[in-house]
Each structure stands twice: as structure tokens, then as C-alpha cells.
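Report on the following structure.
The values are calculated or read from the model by the stated rules, or taken from the named source; none is laboratory data. Being a predicted model, the structure only gives us computed values, none of them experimental. In this analysis, Cβ positions are derived from the backbone assuming ideal geometry, glycine residues included, and neighbour counts consider all displayed protein chains. Heads up: the accessible areas ignore ligands, DNA and RNA and are worked out on the full protein's heavy atoms, side chains in. Shrake-Rupley method; radii C 1.70, N 1.55, O 1.52, S 1.80 Å.
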Amino acid sequence: MSFDDGSGMAEGLWWQTGVIYQIYPRSFSDASGDGVGDLRGVINRLDYIVGLGIDAIWLSPIYPSPMADFGYDVSSYVDIDPVFGTLDDFDELLSQAHQRGIRVILDLVLNHTSDEHPWFIESRSSRSSPKRDWYLWRDPAPDGGVPNNWTAFFGGSTWELDEGTGQFYLHLCHRKQPDLNWRNPDVRAAIYDVMRFWFDRGVDGFRIDALWILIKDEDFTDNPEPPSQHGEGFIGGYMRPGFEDHSEVQDIVSEMRMVADEYPERVLMGEIYLPVERLVRYYGEDLTGLHLPFNFGLVTTTEWGARSASRLVATYEAALPEGAWPNWVLGNHDQPRIASRAGEADSRMAQMLLLTLQGTPICYFGDELGMRDCVIPDEFTVDPQAAAGRSRDGARTPMQWSLAPHAGFTTPHAVPWLPVDGSYPNINVEVQDVDPRSHLSLFRRLIELRREHPALHLGSQKVMNGDREELLVFLREHNGDRVLVILNFGSSVLAVDSMEVGEKARVLCSTLMDRFGDVYISSLELRSHEGLLLALTDAG
Ligand code: NOJ
């Protein structure tokens with residue numbers, strides 16, 4: 001599909017020049033008043049999304065699901081869960097979004113289905129079921145125990161005994177999410193048909209869930225013991241050779257790309273938590289793989305500062321294959337929010353970084369307001385991953401729209417499925433909308449500048465920190481349009497000193513939203529935790 005989205009960005013494809021916004025539908029906007037967000041809620045908020053300057057929305061799963069993992073356990077790939085609405089509602093959302101120049105990306109959960117999916121029900125019905133091999137079944141170990149030592153991302157063994165047939169099935173996530181057998185060609189064909197079903201409806205792309213763990217070791221060999229020092233969850237910081245990053249996944253990626261290429265201008269983005277050298281392989285040989293394998297560097301970094309950011313940029317740039325389009329992610333529904341990871345001042349800097357670095361920015365709903373992780377009391381905890389001590393509920397609380405009850409997320413008498421964060425009287429759209437210095441105003445301004453400046457949506461990138469420890473400085477440039485980004489991660493005022501970019505500049509935006517006008521670079525000072533965007537006005 002090709003339509004004029006009014007962005008005025010003539011060069012580059014929409015998923016390259018645009019900004020992608022992730023909506024976690026359960027938490028975005030509840031029109032039905034049952035306490036859970038829905039498609040009608042998203043439709044009602046499309047003008048807000050347009051106002052942000054967003055080009056595409058990615059919806060976390062909206063398919064029928066028993067909700068053991070809040071939609072990431074799919075029981076039908078070709079329908080909509082009633083809690084979110086109907087297929088007609090979806091078609092309306094798609095058409096209304098397209099009318100506004102907004103693309104719609106769906107979440108494709110293909111490592112596993114729900115145990116309530118008809119495929120699994122059939123598979124577990126008997127050892128001789130024609131769909132037995134669609135999932136991964138193993139006999140018990142000689143002592144009757146689990147077949148190997150693999151541990152699930154949600155805690156415990158990856159194996160669940162099916163009493164009826166006396167075999168274990170594999171689930172890398174929740175026990176209600178049995179893993180599909182991606183070595184089975186019928187499974188592949190079935191999922192590719194699912195892709196076509198949505199592409200035919202007009203969907204603009206997919207975010208592919210848990211892509212790097214699709215293929216498992218054929219012999220189900222034990223994983224080595226994890227190193228004594230390691231991270232947790234999807235970003236363990238160590239490899240589990242049993243199921244991570246098998247080279248056969250690359251064949252699947254190129255097959256999926258062929259399906260996407262049956263349609264014009266569709267995008268494939270992939271959830272891949274791997275070190276960059278491995279991650280970039282998902283662009284595929286000669287770029288015949290994913291368009292945007294998610295670069296989680298800014299999410300997984302444990303250090304927030306100029307040095308770590310420039311290291312991230314350098315490693316990523318060095319690893320990117322020729323012609324590969326970069327992308328940056330700041331948050332998602334699985335990770336603590338940026339405002340909680342970095343703090344209010346640095347979360348503004350993080351937005352500036354995300355929206356000015358070279359490549360496609362992927363934003364998480366609510367981060368435009370600086371929404372924080374909500375502290376959820378145990379009795380309200382619903383995330384199955386909480387069993388492994390890593391609840392994600394705090395980053396999934398309802399969008400804070402206004403000063404109304406439940407922050408305007410749902411109707412006054414409804415009970416939201418997760419509590420609304422207590423910060424909502426200050427952090428909400430209604431209040432920030434009219435405050436020219438708010439986080440929201442900053443976010444909108446940055447996107448506006450990104451659209452106006454080819455340097456920002458298309459340009460080259462050169463990091464120019466020199467030996468300045470607290471400053472991150474980089475130059476974006478395209479056909480004479482030159483924009484300098486300077487971020488002071490330090491806690492004191494810093495002088496920029498002269499740089500090899502000329503002397504005269506115009507302030508486009510400060511993260512504090514209070515600086516305008518012309519400046520001389522050699523006499524420029526940045527306040528602590530201030531980021532500045534400058535248009536360079538000397539001839540380049
Ligand atoms: C990754 C998703 O982002 C996460 O929310 C989900 O729990 C797992 N995949 C399992 O589908």
C-alpha cells in the first residue's frame with residue numbers, strides 16, 4: 001500500500017522515516033467500561049496518536065486468548081478476542097487509521113500457541129494425532145522426571161506432563177503456552193497463511209514475538225549451568241544453546257520475508273534479545289530477512305550515561321550490515337519504564353536520544369508523558385512472570401489520560417484490570433497537553449523536528465564526543481541540512497567548546513523546553529541533564 005500520509009517525507013519508506021508507537025491494548029483506552037482496554041478505545045484515541053506525530057502503531061496481541069499471558073497465549077490467530085471487540089471493529093480501526101496516514105502493525109506470536117488452541121487440543125488428543133508433531137513432545141526421563149534441565153522464562157521447568165498421553169510437552173514460557181515445532185513444514189505453512197490473512201485485510205506489518213527461540217536443539221541436550229553472575233528473564237546476558245539463536249531460524253526469517261514481499265511496503269520487526277553481532281544476522285543475507293530486528297541496546301543497558309550511549313551507538317554501527325536500516329527501542333510491555341530506569345530528567349534526554357538517533361524509533365505508550373512504573377501490591381499482581389520474581393505489571397498500568405477517575409482510562413464505575421499509577425494527577429495527557437514545557441510537549445516537538453529535518457529522518461550520523469565524559473554529541477546530516485544533538489548526562493553545567501561543525505547555530509529544542517534563538521557553539525553551556533538540538537547555520 002502506498003498513500004500520502006501528509007508527513008511531507010518524500011524519500012525513504014514509511015517504516016524507515018516514521019516513528020512507531022506500541023500500544024498495549026489492555027491498558028490504552030477502555031471504551032466498553034469493563035476495565036480492560038479495547039479496539040474501540042484505540043479508535044477513539046486515533047486523533048491523539050495523529051497529534052503525537054506517530055506514523056504507525058503496533059498493537060500487542062488482540063487475538064482470542066485465555067489470557068494466561070494476556071494475549072501472548074493465542075487460541076485463534078484469525079479472530080479478535082471479545083474483550084477487545086470484533087473483526088469488524090478491527091477493520092474499522094484499520095480503515096480509520098489508514099485514513100489518518102497511520103499504519104497498523106500486529107503482533108505475531110508464533111513460538112507457541114495457547115494450550116486451548118485447537119491445534120494443541122488435537123495434538124494432545126493422542127500420540128497418533130496428525131497434529132502430534134506440531135508441538136514438541138518427549139518421553140519422560142528414565143526416572144520418570146522431566147526430559148532435560150531447561151528452565152522456562154516464567155520459572156520452573158520448560159516441561160509439562162500430559163497425563164492423558166504420558167509424554168511431556170515443551171513450553172519455554174508459561175505452561176499454557178506450548179511451543180510449536182518449527183521444523184514441521186505444516187506448522188510453517190499454517191503460520192504463513194495467518195500472515196496472509198492479516199496482510200489481505202490491509203495490515204501493514206508484524207512484530208514477531210520471541211523470534212530467536214523458535215528452533216530448539218534437535219537432541220534436547222541439557223543447557224549448561226548459567227554463569228553465577230547473570231541478568232534475568234529474556235535478557236539473561238548468557239546464551240542457552242538449547243533454544244537460543246539456532247541458525248535454522250534464519251531460514252524461517254527468510255521464508256517470512258518472502259510472504260511479506262508478496263505485498264507492497266509491509267514491514268517485519270522482530271523481538272530478539274541477543275548481543276548485536278548475533279542480532280544483526282536477522283537482517284538476513286543480502287537484507288532478505290527482517291526489516292527491523294529490534295535493537296534493545298537502550299533497554300538492556302544497565303548504565304545510563306554518555307559513555308554507555310556512545311558505546312552502544314559505536315557497537316551497533318560497527319555491526320550493522322551494509323544498507324541495513326537501524327532502529328532503537330526505549331521501552332516495551334516487558335521492561336521497566338524509561339522514566340523509572342533513568343529518572344525524570346534523563347527520561348527526557350532518553351526521548352531526545354531515541355527520536356534523533358539514526359534509524360526508526362519505537363516508542364512505548366505512556367512514555368511520551370514520562371509515565372513511571374507503578375508499584376503494584378501483591379494482591380493486584382496478575383503477570384504470570386511474577387512467579388519467577390519478575391512481574392511486568394508495573395509497566396503495563398493504564399494510560400493516564402486525564403484527571404478523571406481512573407485517569408480517564410475507563411468509565412468511572414469500572415475497575416481497571418491493573419491499578420492506575422498514583423502519579424496520574426500530574427502525569428496525564430490533559431495536564432501536559434496545555435503545558436508547553438511538559439514531557440508530552442517535548443515528545444511532540446521532537447517528532448515535529450524529526451519530520452521537518454531530513455537530517456533527522458534520513459541523515460548520516462557522526463558521534464563527536466571527543467574526550468568529553470559527560471557529553472554525548474552527534475551530528476546528523478542530509479543534503480546540507482545539519483542538526484547537532486548534544487546531551488549532558490552530567491550533574492553540572494558543561495561548556496561545549498568549539499567543535500568542527502562551525503560556529504553559528506539555532507536552538508531547535510532543549511529537553512527543558514525553554515531555550516530558543518541563535519547561539520554560538522563555542523560559548524554554549526548545557527545545564528545538568530539537559531539535551532539540546534541545534535540546527536547548524538554556518539555553511540557545512
Ligand atoms: C515476548 C512478549 O513480549 C512477552 O510479553 C511474552 O510474555 C513472551 N514473549 C511470551 O509470548
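Inside the stretch 444-474, residues that are part of a strand (DSSP E or B) and either open to solvent by 70 Å² or more (accessible area, probe 1.4 Å) or touching a residue at least 60 places away in the same chain (Cβ under 8 Å) (or both) make up a count of 7. In the stretch 110-133, the residue that is nearest to TYR63 (Cα to Cα) out of those that are touching a residue at least 24 places away in the same chain (Cβ under 8 Å), part of a loop (DSSP other than H, G, I, E, B) and open to solvent by 80 Å² or more (accessible area, probe 1.4 Å) is GLU116.
Answer yes or no: is there a residue in the stretch 138-150 that is free of Cβ contacts under 8 Å to residues at least 24 places away in the same chain, surrounded by 15 or more Cβ atoms within 10 Å (Cβ to Cβ) and farther than 22 Å from SER65 by Cβ.
The first filter runs over the stretch 138-150 and keeps only residues free of Cβ contacts under 8 Å to residues at least 24 places away in the same chain, leaving 141-146.
The next check asks that each one be surrounded by 15 or more Cβ atoms within 10 Å (Cβ to Cβ); those that pass are 146.
Now narrow it down to the ones that are farther than 22 Å from SER65 by Cβ: 146.
Checked the stretch 138-150: at least one residue is free of Cβ contacts under 8 Å to residues at least 24 places away in the same chain, surrounded by 15 or more Cβ atoms within 10 Å (Cβ to Cβ) and farther than 22 Å from SER65 by Cβ.
When restricted to residues that are among the basic types (Lys, Arg) and touching a Cys at 6+ places or on another chain (Cβ under 6 Å), the stretch 495-540 contains 0. Residue selection: ARG348 fails the criterion of being under 19 Å from the mean Cα position of the chain (by Cα) and within 22 Å of PHE153 (Cα to Cα). Which residues, counting only those in the stretch 411-440, are open to solvent by less than 20 Å² (accessible area, probe 1.4 Å) and either without any contact (Cβ under 8 Å) to a residue 12 or more places away in the chain or touching a Cys at 6+ places or on another chain (Cβ under 7 Å) (or both)? Across the stretch 411-440, the qualifying residue is only ASP421. The single condition among (1) farther than 17 Å from ARG348 by Cα; (2) surrounded by fewer than 22 Cβ atoms within 10 Å (Cβ to Cβ); (3) in contact with a strand residue (DSSP E or B) (Cβ under 7 Å, 6 or more places away or on another chain) that ARG482 does not satisfy is (2). One residue is enough: does the stretch 403-424 have a residue meeting the conditions farther than 30 Å from MET464 by Cβ, under 22 Å from the mean Cα position of the chain (by Cα) and assigned to a helix (DSSP H, G or I)? No, the stretch 403-424 has no match at all. Considering the stretch 486-540, the residues that are of a type in the set (Gly, Ala, Ser) and assigned to a loop (DSSP other than H, G, I, E, B) include one that is least open to solvent (accessible area, probe 1.4 Å), namely GLY490.
If you take the residues of the stretch 283-305 that are under 15 Å from SER254 (Cβ atoms) and either without any contact (Cβ under 8 Å) to a residue 12 or more places away in the chain or part of a helix (DSSP H, G or I) (or both), which of them is least open to solvent (accessible area, probe 1.4 Å)? Top of the filtered list is TYR283.
Residues in the stretch 151-166 that are crowded, with 20+ Cβ neighbours inside 10 Å and away from the ligand (no atom under 16 Å from the Cβ): TRP159 alone. Scanning the stretch 31-52 for residues that are open to solvent by 10 Å² or more (accessible area, probe 1.4 Å) and either of a type outside the set (Val, Ile, Thr) or in contact (Cβ under 8 Å) with a residue 60 or more places away in the chain (or both) gives ALA31, SER32, GLY33, ASP34, VAL36, ARG40, ASN44, ARG45, ASP47, TYR48, GLY51.
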